[in-house]
Amino acid sequence: MRLFGLLLLSSMIALAQTGPPAIPQFEDVAWQAGLTVPNISSKDEYYIVESMSGGAGFIDCDNDGKLDILTVNGSTIDRYRQSEDLMVTLFHQDANLKFTDITKSAGLARKGWGMGVSVVDFDNDDWQDLYVTGYGGNVLYRNLGNCKFEDVTEKAGVRVGGFSAGAAWGDYDRDGYVDVFVPRYVHQDMDALPITHADGVPCAYVGMRVYCGPSGLPGDSDFLFHNRGNGTFEDVSKKAGVDNPSHFFGMQAVWADFANDGWPDLYVANDVNPNYLFRNKHDGTFEEVGLLTGTAVNSDGQMQGSMGVDIADFDHDGRLDILVTNYIQEGVDLYWNRGEMGFDQIAASAGLLQATRRYVGWGGGFFDMDNDGWLDILVTNGHIYPQVDLVAGNVTFRQPALLYRNRGNRKFEDVTELSKLNSGELYIRRGAAFGDVNNDGKVDVLILNHNDKPSLLINRTPTNNHAALFKLIGTKSNKAAIGARVTVTAGGMRESMQVRSGSSYLSQNDLRLHFGLGASAVMEKVEINWPSGAKEVLNNVPANFIYTVEEGSGIRGKTGFNRH
């Protein structure tokens, strides 16, 4: 009788809240929040390493339930040669949405040229660790507790040379320890920086000198490091078949179970080369099926300048789809997962292609901006050449972010103007990360702005829709539950989402999973597929809470949203 009453109440609320879609609203609070450390770059950017910039991310470094913030610092040729810059900045979230730079006291002391961040618990001690990629070497920081970190890079064996990009973590062999894949971009010798093509012709854009590459520059191999479970990693790249012998220009990787077989597959976005989709063969090796599945090139069979990648079940069909951001005149790719039939590239029919073609896309991701139960899309943009501002025309260095509302029929509506997302200063945007910064049940966006301070876009969208967040803790699975799939049934909708470490462009989302529930005040069913293979079902779970769920034990705790 009580269950019937809850369901009846949920249905009544659904009827009461039916109306026009909410108008999306975001407020950039970075400056007043204390996020004032800028990403560094040179003015002219005559070398490719200066232009790529990097990502940002969320970490809860002291387990207080509030998201702290990471931004990579960048560098310049001269500053890097003199080892002047820390690779990353860590901002601790204090009270009232204020942040304090705790980088030095946290022990994040490695200097270099930071590019990407990924957050993981590689040693299963229930403290979130940090992996920072960059030019000249990466760094793995082990969280000792309460935002105190130890540099364990050399001991772990994951430093890597060259130009590393967007690393991603996943337990590919399901042994309970997360492994890391590291794509590398171009080979750039700091002592022999190119200013001409191989034939001696200067690298130029409409008659002006610009940086050389990536075409014409040598690529590099990629790495897969297997976690031994004792604090060290083994390079299994060649043995697993993911070492990239063609030396494609790797940008961002993401682990996802595209086949719904319980095993994580690997997708890699490559610049000016075909993208990779490595299918997990369940024996420690992978089969590359990008061209076979239709995810390597665009719908015209053309290779693209792919930058960022995200995955989600945006259409509620139970299969994970792929969003890829690309270079100017190419637009985003939206690969719709058709199961055994492969993927269809539907960006044009979905309404995403036309506007995105005008810009250089970087960060991108699926998130439910208005909690209506349908995942929307945000894409960050910024040109690669500062010199474009000297050319007459409508292509500029600073470019707007784009926002698309999911209409629920595999089509998206451009609501960028409606949201006034770009009403202030435009930036040269790069990485984007998504998470509920103020724990109010709405997803916010953190953006790394090239050669500028970051943006922290707090979601102020007015809506009475319900939501829930899930923090998962593995026991047989890896502790942070990387790779776990949660499926929520509420109000006739069935939404599915996966925990992932590393996505967008060189960035890290909130490891908690957010579900918009529309008018439903109760989730009839919450199904969890753990990386270990275990399955768990929770019934009749109320909305508007942040739930902590432990593998095998169910809900361990819950906290209500901070709604004012």
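The values are calculated or read from the model by the stated rules, or taken from the named source; none is laboratory data. Please read these numbers as outputs of a predicted model, since none were measured by experiment. In this analysis, Cβ positions are derived from the backbone assuming ideal geometry, glycine residues included, and neighbour counts consider all displayed protein chains. Note: accessible area is taken over every heavy atom of the protein model, side chains too, but ligands, DNA and RNA are not part of it. Shrake-Rupley method; radii C 1.70, N 1.55, O 1.52, S 1.80 Å.
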By residue number, the members of region 110-127 that are within 14 Å of the chain's Cα centre (by Cα) and farther than 15 Å from GLY161 by Cα are VAL117, SER118, VAL119, VAL120
Restricted to region 487-498 and to residues being surrounded by fewer than 24 Cβ atoms within 10 Å (Cβ to Cβ) and hydrophobic (A, V, I, L, M, F, W, C), the residue nearest to LYS471 (Cα to Cα) is MET497
Taking region 260-305 and keeping only residues that are in contact (Cβ under 8 Å) with a residue 40 or more places away in the chain, farther than 28 Å from MET52 by Cβ, of a type outside the set (S, T, N, Q) and in a loop (DSSP other than H, G, I, E, B), one is left with GLY262, TRP263, GLY284
When (1) farther than 24 Å from ASP85 by Cβ; (2) assigned to a strand (DSSP E or B); (3) open to solvent by 10 Å² or more (accessible area, probe 1.4 Å) are applied to GLY231, the one that fails is (2)
Turns out the strands (runs of 3 or more DSSP E) fully within region 53-159 with at least 3 residues that are in contact with a helix residue (DSSP H, G or I) (Cβ under 6 Å, 6 or more places away or on another chain) and buried (at least 16 other Cβ atoms within 10 Å of the Cβ) are none
Scanning region 178-194 residue by residue, the ones that are under 19 Å from SER75 (Cβ atoms) and touching a residue at least 12 places away in the same chain (Cβ under 8 Å) total 8
Among GLY250, GLY284, the single one that is surrounded by fewer than 16 Cβ atoms within 10 Å (Cβ to Cβ), under 30 Å from ASN143 (Cα atoms) and not basic (Lys, Arg) is GLY284
Here the qualifying pairs (Cβ atoms under 6 Å; residues six or more apart or on different chains; first in region 152-172 and over 27 Å from ASP310 (Cβ atoms); second of a type in the set (Lys, Arg)) come out as VAL152/ARG142; THR153/ARG159
Going through region 297-344 in order, the residues found to be touching a Phe, Trp or Tyr at 6+ places or on another chain (Cβ under 9 Å), open to solvent by 10 Å² or more (accessible area, probe 1.4 Å) and among the β-branched types (Val, Ile, Thr) are ILE328
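Residues to consider are LEU140, LEU86, LEU130, LEU70; find the one that is closer than 18 Å to LEU224 by Cβ and under 23 Å from the mean Cα position of the chain (by Cα).
LEU140
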Going through region 16-52 in order, the residues found to be open to solvent by less than 10 Å² (accessible area, probe 1.4 Å), under 18 Å from GLY114 (Cα atoms) and part of a loop (DSSP other than H, G, I, E, B) are LEU35, ASN39, GLU45, MET52
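One line per residue, one yes/no per condition, for (1) over 19 Å from the mean Cα position of the chain (by Cα); (2) open to solvent by less than 10 Å² (accessible area, probe 1.4 Å); (3) not β-branched (Val, Ile, Thr):
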| residue | (1), (2), (3) |
| --- | --- |
| SER419 | yes, yes, yes |
| SER423 | yes, no, yes |
| ARG430 | no, yes, yes |
| ASP440 | yes, no, yes |
| LEU456 | no, yes, yes |
| ASN465 | yes, no, yes |
| LYS471 | no, no, yes |
| THR475 | yes, no, no |
Taking region 345-385 and keeping only residues that are assigned to a helix (DSSP H, G or I) and open to solvent by 20 Å² or more (accessible area, probe 1.4 Å), one is left with LEU353, GLN354
**Residue within region 501-510 that is more than 24 Å from ASP121 (Cα to Cα) and open to solvent by 10 Å² or more (accessible area, probe 1.4 Å) present** = no
* Asked: Is it fair to say ILE482 is open to solvent by less than 10 Å² (accessible area, probe 1.4 Å), within 29 Å of THR89 (Cβ to Cβ) and either touching a residue at least 12 places away in the same chain (Cβ under 8 Å) or out of contact with any His (no Cβ under 7 Å at 6 or more places or on another chain) (or both)?
  -> yes
The lone condition LEU9 fails out of (1) at pLDDT 95 or above; (2) more than 26 Å from the chain's Cα centre (by Cα) is (1)
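Filter region 170-202 down to the residues that are in a loop (DSSP other than H, G, I, E, B) and aliphatic (A, V, I, L, M) and list them by number. Lay out the reasoning, then the answer.
Residues of region 170-202 that are in a loop (DSSP other than H, G, I, E, B), as a first pass: 171-178, 183, 185, 187-195, 197-201.
Within region 170-202, VAL178, MET190, ALA192, LEU193, ILE195, ALA198, VAL201 meet the criteria.
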Checked region 191-213 for anything open to solvent by 50 Å² or more (accessible area, probe 1.4 Å) and small (Gly, Ala, Ser); matches are ALA192, ALA198, ALA204, GLY207
